[in-house]
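K.L.:
The following block contains the structure, expressed as structure tokens.
The values are calculated or read from the model by the stated rules, or taken from the named source; none is laboratory data. For clarity, every value in this text was computed on a predicted model and none was experimentally measured. Counting neighbours? That spans all protein chains shown, and the Cβs are built from the backbone with ideal geometry, glycine included.
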Amino acid sequence: MFLFEKCFDLDELARRNLHVHTRFSSCAKPEMTLEAIVREAERAGLTDIALVDHSNVEADGSSTPVPAHNEILKAQRAALDTPVRILIGSELSALGLGRYSETPENMRAMEYRLFAQNHYHLSCWEQPEDRSPAGYARHMIAVLTELFRTDFCDCVAHPLAPVKLRIENAGRVLDEISDAALGDLLAAGEAAGSAWELHSGAICGWPDFARRYFNLGREIGVHFHMAPDAHRLAAVDTAPALAEYRKILL
Ligand SMILES: [Zn+2]
Ligand SMILES: [Zn+2]
């Protein structure tokens, strides 16, 4: 579901940070308490933030109890006096074709459902049979296409970026995705009510692809969300990411 108006103005998009991890994500710094995040968002002049702690199923079947953490965050939010709008959701896992880390009930209870489909470095993630760059490109597109047949996805996290992919020539994954295939995927996400991240790690890591993705997305008319993927307080402010985005995307 779209939560914000369609917008291609980077300054306007940067008034929201829609990818923030709290200390409930093991990868985030202990300083990431809700109160500290909100005070930093106020200082940076943000209008909205989205809290998206990880929901990963591990090989032994255990999972991070995001719904329980979210109840704690909701109680903390109720006690805070702030003009910043706080969405409480999760960075959910599309672990494979039609395989998701949370139950439909848990997903429906979330205010913002961000989906990662490329955490291939985790043991719980499905790997494609063909582990070549072209095989990974086809797998990512297939998993997202399947996800867009549901109404769960509010936004795609770091789309298609070969994050920590442990194969030779991982960067070539993105060369295997044609403009036509990328355009079809962006349009499918838009038709499913899903936005697409402008994710700082993905943009700075793969700038040529990022430029292609942003320009095709503008042509097609998709929704973009600003996503510095904050794991520490300094990344709550979107200004440093915005400066990079201007250089790379425009
Ligand atoms: Zn991620
Ligand atoms: Zn994240």
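K.L.:
When you go through H158, H139 one by one, which is the residue that is crowded, with 22+ Cβ neighbours inside 10 Å, of a type outside the set (A, V, I, L, M, F, W, C) and more than 24 Å from M226 (Cα to Cα)?
P.N.:
H139
K.L.:
Given the condition at pLDDT 95 or above and touching a Pro at 6+ places or on another chain (Cβ under 6 Å), answer yes or no: does some residue in region 139-151 qualify?
P.N.:
yes
K.L.:
When you scan region 194-203, do you find a residue that is in a loop (DSSP other than H, G, I, E, B), within 13 Å of the chain's Cα centre (by Cα) and surrounded by 16 or more Cβ atoms within 10 Å (Cβ to Cβ), even just one? Walk me through how you get there before you give the answer.
P.N.:
Of the residues in region 194-203, the ones in a loop (DSSP other than H, G, I, E, B) are 194.
Still in the running and within 13 Å of the chain's Cα centre (by Cα): 194.
Of the ones still in play, those that are also surrounded by 16 or more Cβ atoms within 10 Å (Cβ to Cβ) are 194.
Yes; the residues of region 194-203 include at least one that is in a loop (DSSP other than H, G, I, E, B), within 13 Å of the chain's Cα centre (by Cα) and surrounded by 16 or more Cβ atoms within 10 Å (Cβ to Cβ).
K.L.:
Follow-up. Does D151 satisfy being more than 19 Å from the chain's Cα centre (by Cα) and surrounded by fewer than 22 Cβ atoms within 10 Å (Cβ to Cβ)?
P.N.:
On the way: more than 19 Å from the chain's Cα centre (by Cα): no; surrounded by fewer than 22 Cβ atoms within 10 Å (Cβ to Cβ): yes.
It is false that D151 is more than 19 Å from the chain's Cα centre (by Cα) and surrounded by fewer than 22 Cβ atoms within 10 Å (Cβ to Cβ).
K.L.:
Ok, one more. Can we say A241 is in a helix (DSSP H, G or I), within 16 Å of ligand 2 (Cβ to nearest atom) and surrounded by 19 or more Cβ atoms within 10 Å (Cβ to Cβ)?
P.N.:
Working: in a helix (DSSP H, G or I): yes; within 16 Å of ligand 2 (Cβ to nearest atom): yes; surrounded by 19 or more Cβ atoms within 10 Å (Cβ to Cβ): yes.
Yes.
K.L.:
Another one. How many residues, within region 150-175, are within 23 Å of A192 (Cβ to Cβ), assigned to a helix (DSSP H, G or I) and either charged (D, E, K, R) or within 16 Å of ligand 2 (Cβ to nearest atom) (or both)?
P.N.:
The qualifying residues number 0.
K.L.:
How many residues does region 18-27 hold that are surrounded by fewer than 19 Cβ atoms within 10 Å (Cβ to Cβ) and within 16 Å of ligand 1 (Cβ to nearest atom)?
P.N.:
2
K.L.:
Hey, another quick one. Criterion first (touching a residue at least 60 places away in the same chain (Cβ under 8 Å) and under 23 Å from F2 (Cα atoms)) does V236 satisfy it?
P.N.:
Spelling it out, V236 is indeed touching a residue at least 60 places away in the same chain (Cβ under 8 Å) and under 23 Å from F2 (Cα atoms).
K.L.:
Here is a follow-up. Those residues that are more than 16 Å from ligand 1 (Cβ to nearest atom), at pLDDT below 90 and of a type in the set (A, V, I, L, M, F, W, C), I need them from region 40-67; list them, please.
P.N.:
Once the filter is applied, which keeps residues that are more than 16 Å from ligand 1 (Cβ to nearest atom), at pLDDT below 90 and of a type in the set (A, V, I, L, M, F, W, C), region 40-67 yields only A59.
K.L.:
Kindly check whether there is at least one residue in region 13-27 that is in a helix (DSSP H, G or I), closer than 18 Å to W196 by Cβ and without any contact (Cβ under 8 Å) to a residue 24 or more places away in the chain. If you could, list the steps in order and put the result at the bottom.
P.N.:
Of all residues in region 13-27, those in a helix (DSSP H, G or I) come to 13.
Adding the requirement that they be closer than 18 Å to W196 by Cβ leaves 13.
Right, trim to without any contact (Cβ under 8 Å) to a residue 24 or more places away in the chain and you get none.
No: region 13-27 contains no residue that is in a helix (DSSP H, G or I), closer than 18 Å to W196 by Cβ and without any contact (Cβ under 8 Å) to a residue 24 or more places away in the chain.
K.L.:
Give the residue, chosen from L144, L122, that is under 18 Å from H223 (Cβ atoms) and touching a residue at least 40 places away in the same chain (Cβ under 8 Å). Give the steps one after another, and end with the answer.
P.N.:
On the way: L122 fails: under 18 Å from H223 (Cβ atoms).
Of the residues listed, the single one that is under 18 Å from H223 (Cβ atoms) and touching a residue at least 40 places away in the same chain (Cβ under 8 Å) is L144.
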